[in-house]
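*Asks:* Got a structure for you, written out below as C-alpha cells; questions coming shortly.
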Amino acid sequence: MSAAMIDGKKIAADIRLEVGSRVAERTARGLRPPGLAVVLVGENPASQFYVRSKGKACKEAGFHSEQYDRPAHTGEEELLSLVAELNANPAIDGILVQLPLPKHINEERVLLAIDPEKDVDGFHPVNVGNLSVGRKGFVPCTPLGVRELLIRSGIETRGKFAVIVGRSNIVGKPMAQLLVAKGKGGDATVCVCHSATDDLPSITRQADILVAAIGRPEIITGEMLKPGAVVIDVGINRVDDATKEKGYRVCGDVHFETASKVASHMTPVPGGVGPMTIAMLLHNTLESCRRRVDG
Ligand code: GUN
C-alpha cells in the first residue's frame, strides 16, 4: 500500500485565496483591511524566513501589515512598550511576536502583554483557557491548520483514536484540545504522548490518526503505525547530509519511506502542515478584524 498525500500547499493556497476574496469584498464595501503586526527580535535565520513569508502572504491577501525588526539586544521593557503601542493601534487586529525570543527576554511576560483580542497566535493564557472550555477565542495556527487539513481531506475524526506525539504549548496541547472538542474535526478519543511516555510504539500502533509534533527527525517509523492510519507530520528538522549541496536535508518527525507504506494518508515535509500555519494566521487575523469592526 502507498499512502495518499495530503497536499498542504494546495489547501493552504485555497484558504489564502478565500481569505483574500473576503478581504477584497470588505474593502469594496469601504471597510478597512485586516492589519497584522509582526515583531521580530534578533537575527535568527529561520525566524527571518518565517516573518518574511508572513509579510508576503499578508500583502497577497490585501492585508495591512507592519513589520517591526528589533536588534537582539533589545530590552524587555522596550519590547513591552512596543506591544502596548500595538495593543492601542486601531489599524492593527493581530500582533505576532515571533518566537523564540533572545534569552534575556522573558517570553511569558511578553506573551501575557499582548491583548488577548489581538492574540492571533492563540498563545495568551486567556485564549488557551477559551479553547479548553470551548469558548470563542484564538487557536494556535499550526494545530488549527492540521484540523483544517483533516476536514478538507474528508477524514473523519469522530470516534477515532487520535494519538499526538509531543506536548508543546504551540502544537501538542492545543491539538489535543481541538481533537477532543465537540463537533467537526473533533469528537476523537485523544492520547498525548511525550518524551517520558513508556513504550511509545504500543500506543502509536493503536492510532487511527497520528499527529507527530515532537521535533525529533524521523522518530515515527512504519512499524509503529497501524495499517491504514492517517499520519500528520508537524516536524521540520534539519539533518546533516553530505550528499546535499547545502550539507543538510529537511525531514519531518515521521520516517517517510517506511510510514508511507503503512499509512492510508500522509502529509509530506515540506508541503504538508508548514504552509497551513500562515494560511491560518491570515484566517485568524481576518476573524479578529471582523470581530473588531463588525462587532
Ligand atoms: N515560532 C515558531 N512558530 C511560531 C508561531 O506559530 N508563532 C510565533 N509567534 N512564533 C513561532
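The values are calculated or read from the model by the stated rules, or taken from the named source; none is laboratory data. These numbers come from a predicted model, not from an experiment. Note that each Cβ is placed from the backbone with ideal geometry, even for glycine, and that neighbours are counted across all protein chains shown. With ligands, DNA and RNA removed, areas are computed over all heavy atoms of the protein, side chains included. Shrake-Rupley method; radii C 1.70, N 1.55, O 1.52, S 1.80 Å.
Here's the yes/no breakdown for (1) assigned to a strand (DSSP E or B); (2) free of Cβ contacts under 8 Å to residues at least 12 places away in the same chain:
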| position | (1), (2) |
| --- | --- |
| Lys59 | no, yes |
| Ser65 | yes, no |
| Tyr68 | yes, no |
| Ser81 | no, yes |
| Ala84 | no, no |
| Asn87 | no, no |
| Ile92 | no, no |
| Pro100 | no, no |
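*Asks:* Sticking with this one: Can you name every residue in segment 1-12 that is open to solvent by 50 Å² or more (accessible area, probe 1.4 Å) and of a type outside the set (S, T, N, Q)? Outline the logic, then answer.
*Replies:* So the first thing to find is which residues in segment 1-12 are open to solvent by 50 Å² or more (accessible area, probe 1.4 Å), and the list is 1-2, 5, 7, 9-10.
If the condition is that a residue be open to solvent by 50 Å² or more (accessible area, probe 1.4 Å) and of a type outside the set (S, T, N, Q), then Met1, Met5, Asp7, Lys9, Lys10 are the ones that fit.
*Asks:* For segment 166-189, give me the residue count where each residue is within 19 Å of the chain's Cα centre (by Cα), more than 14 Å from Val230 (Cβ to Cβ) and open to solvent by less than 60 Å² (accessible area, probe 1.4 Å).
*Replies:* Taking segment 166-189 as the starting set, the residues that turn out to be within 19 Å of the chain's Cα centre (by Cα) are 166-181, 184-186.
Remaining after also requiring more than 14 Å from Val230 (Cβ to Cβ): 166-174, 176-178, 180-181, 184, 186.
Restricting the remaining residues to those that are open to solvent by less than 60 Å² (accessible area, probe 1.4 Å) gives 166, 168, 171-172, 174, 176, 178, 181, 186.
Counting residues in segment 166-189 that are within 19 Å of the chain's Cα centre (by Cα), more than 14 Å from Val230 (Cβ to Cβ) and open to solvent by less than 60 Å² (accessible area, probe 1.4 Å) gives 9.
*Asks:* Sticking with this one: Taking segment 143-153, which residues are open to solvent by 20 Å² or more (accessible area, probe 1.4 Å) and within 16 Å of the ligand (Cβ to nearest atom)?
*Replies:* The answer is Arg147, Glu148.
*Asks:* Would you kindly identify the strands (runs of 3 or more DSSP E) lying entirely within segment 221-295 that contain at least 1 residues that are within 16 Å of the ligand (Cβ to nearest atom) and open to solvent by 30 Å² or more (accessible area, probe 1.4 Å)? Even if it seems obvious, please write down each step before you answer.
*Replies:* Numbers: elements: 230-233, 237-240, 248-251.
Qualifying strands (runs of 3 or more DSSP E): 237-240, 248-251.
*Asks:* If you don't mind, there's one more thing I want to ask. Condition (residue is of a type outside the set (Val, Ile, Thr) and more than 22 Å from Ala46 (Cβ to Cβ)) applied to segment 94-108: is it met by at least one residue?
*Replies:* Looking through segment 94-108, none of the residues is of a type outside the set (Val, Ile, Thr) and more than 22 Å from Ala46 (Cβ to Cβ).
*Asks:* Turning to a different aspect of this structure: Within segment 20-71, can you find the residues that are surrounded by 13 or more Cβ atoms within 10 Å (Cβ to Cβ) and among the basic types (Lys, Arg)?
*Replies:* Within segment 20-71, Arg22, Arg26, Arg32, Arg52, Lys54, Arg70 meet the criteria.
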